[in-house]
Amino acid sequence: MTTSSTTKPVDLDDPKLRGADAAAVLEHLVSGKPLDPVLQERVRARAEQVTDAIRRDRGLVDDATFQSLLDDEA
């Protein structure tokens, strides 16, 4: 991933960057302060990584199975 202001790749796993991003997201949740577009892109990229990892590990769930899981909770 690269930022829009530079072509330097961003390390999404950098602990300092993750911490700063988490703090900014929490601030957004508490105050409604808009998120920087670059931060939004990093959050989306991390979410895609997590989703891909879950799909690799667990596979996809078809609609009928998903509905039966929801029905079991009721």
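Please treat every number below as a calculation from the coordinates, not as lab data. Keep in mind the model is a prediction, meaning the values are calculated, not measured.
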Practice item. Using just the helices of the chain, give the 222 nm mean residue ellipticity in deg cm²/dmol: DSSP H runs with n ≥ 4 each add -39,500 (n - 2.57), and the total is spread over all residues, rounded to 500. Key: -22500 deg cm²/dmol
Check your understanding: What Rg and what Dmax come out for the chain when only alpha-carbon atoms are used, in angstroms?
Key -> 16.9, 50
Review point. Under DSSP H, which helices of the chain have Cα atoms covering 18 Å or more of the helix axis and a Kyte-Doolittle average no less than -0.5?
Key: 15-31
Revision key, fill the gap. Candidates LEU12, LEU60, LEU39; GNM for the chain (alpha-carbon contacts under 10 Å) flags as most fluctuating LEU60
Review point. In whole percent, what relative contact order does the chain give with Cα contacts below 8 Å and a gap of six or more residues?
Key: 22 percent
